[in-house]
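Single-structure report; data block below.
What follows is calculated from the coordinates using simple rules that are stated; it is not laboratory data. This structure is a prediction, so every number in the text was calculated from the model and none was measured. Quick reminder, even Gly has a Cβ in these numbers, built from the backbone with ideal geometry, and neighbours come from all protein chains shown.
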Amino acid sequence: MKILVVNAGSSSLKYQLFDMDDNRVIAKGNCEKIGIGGLITHKRPGKEDYKAEVELKDHDDAIALVLKLLTDAELGVIASIDEIDAIGHRVAHGGKLKESTLVSDETLNYLYSIVGINPLHGPPAIKGIEACRKSCPGKPMVCVFDTAFHSTMEPVSYIYPLPYEYYEKFQLRRYGFHGTSHRYVAGRVSEMCGKPLSEMKVITCHLGNGSSITAIKNGKVVDTSMGFTPNEGLPMGTRCGNIDPTIVPYLMKELNLTPAEMDNVLNKKSGLLGVSGVSSDCREVNAAADAGNERAKLAIDLLIHEAKKIIGSYVAEMNGVDAIVFTAGIGENDRGLREAICADMDALGIVMDNKVNAECPRGEACDLTAEGSRARVFVIPTDEEYMIALDTLKISAQ
Ligand code: ADP
């Protein structure tokens, strides 16, 4: 069985082709600069990467090129697109859809209907799905939503203390994101602990360009740090995360900003970039901090501070924690940040073995738990695409 996983952004389209018989990626790549030029990188294990500038007017062009490369006599890995059994799509926002769903006219109509609450990520995901429908008519397709895993939250975790009619009228509530990643690492931590997830209290920390932390009790999400949009919770590369909401009208008035300009400040000019003035990339901010840049150090400290606050609140919410997991670009690679987040949390039963943490090879899962720690601490590389492929395989076979 072969499953193609597609992750469409506004100007990019990432893909991975899985052979599910042995859980292997047989080809993957990225189309970039869609609509503003066009660039493709196509990779196959053990073979030289293929890179080319090709005009990509839209997502239809990108999908057509991906399928052409996958079936190319020289660069391809399959003889024809008939070998692809199903296509899985990463979709950031599923609205009220609580689990991965087969693509149908009804699903697409629903996704169109919630573009208003997901204006950034909704349209490209829909374009990716439409493009695949055109190129591969009749092929089973599945949407896997970043929000779905969080749909087990109770109203006390997802309702904002605003006038209740806004929830009813605008679907204004906490949705949470990165659910596929949180679900994947939660499953892996349960395997590594040899205990069913349904009997565990787990906190998963997905720290990347976008970051979120999730509390999972007995296999169900009880809280997550991202909210109505992916701009709540931790400070991120360019997003502010938690701030006093009244700052927004104050700044709009003082700077005479339109809603779009204000949104740009909150989503594109804040976070690590906004505080450090150096970069949104954690590696560059770390390097500047190491070189003595005080604002860069402050930006990293704000991230550590907020992460500690969220983890502490989730331990309180779940009345304990059995395991904490770090994942994604920063969580998997930045040992210093992991150490700083876990420092001085012994009162909560969390103690990391700093030596094991410092020696854990990048890209590997490691148990970082110190002797005597009540909670176990792990770093586990995430694999959202594999999770999407698994869901696609399961749902398309139903
Ligand atoms: P995205 O949310 O775009 O998927 P990633 O999960 O790939 O992002 O994370 C990107 C972040 O990971 C960047 O801030 C990058 O600096 C950071 N990162 C990658 N490698 C390291 C490293 N060795 N040390 C610190 N941060 C790193």
At 222 nm, what value in deg cm²/dmol follows for the chain if DSSP H runs of at least 4 each add -39500 (n - 2.57) and the sum is divided by all its residues, to the nearest 500?
-11500 deg cm²/dmol
Two-site label geometry, Asp21 and Lys47: point separation in nm, points 7 Å out along Cα→Cβ:
1.8 nm
Would you kindly state how much longer the chain becomes between Lys220 and Ile81 on full extension, computed as 0.36 nm times their sequence separation minus their alpha carbon distance, in nm to one decimal?
46.3 nm
How high is the relative contact order of the chain, in percent, with contacts defined as C-alpha pairs under 8 Å that are six or more residues apart?
13 percent
Local net charge near Met352, Cβ-Cβ under 14 Å (Lys/Arg +1, Asp/Glu -1):
-2
Within straight cross-link reach of Lys220, meaning Cα distance under 20 Å, which aspartates and glutamates are found once same-chain residues fewer than 8 apart are removed?
Glu99, Asp146, Glu154, Glu191, Glu199, Glu317, Asp322, Asp383, Glu384, Asp391
What per residue convex hull volume, in Å³, do the alpha-carbon atoms of the chain yield?
162 Å³
Any trypsin sites (Lys or Arg not before Pro) in the stretch 252-341 that lie in a DSSP loop and have at most 11 other Cβ atoms within 10 Å would be none
Determine, from the Cβ-Cβ distance of Ala260 and Ile114 and an R0 of 35 Å, the FRET efficiency 1/(1 + (r/R0)^6), rounded to the nearest 0.05.
0.95
Give me the extension gain from Arg362 to Lys98: residue separation times 0.36 nm, minus the current Cα-Cα distance, reported in nm with one decimal.
91.7 nm
Can you tell me the relative contact order of the stretch 132-226? Whole percent, Cα pairs under 8 Å, sequence separation 6 or more.
28 percent
Ordered by fewest other Cβ atoms within 10 Å, a rough proxy for footprinting exposure, Leu65, Leu298, Leu111, Leu255 read Leu255, Leu298, Leu65, Leu111
Alpha-carbon Rg/Rh ratio, for the stretch 195-291, with Rh computed the Kirkwood way
1.10
With a point put 7 Å past each Cα toward its Cβ, work out how far Lys169 is from Lys355 in nm, to one decimal.
6.2 nm
Are there cysteines in the chain with no second cysteine's Cβ under 4.7 Å away, and if so, which?
Cys31, Cys132, Cys136, Cys143, Cys193, Cys205, Cys240, Cys282, Cys342
Relative contact order (percent, whole number), the stretch 82-141, Cα cutoff 8 Å, 6+ residue spacing:
52 percent
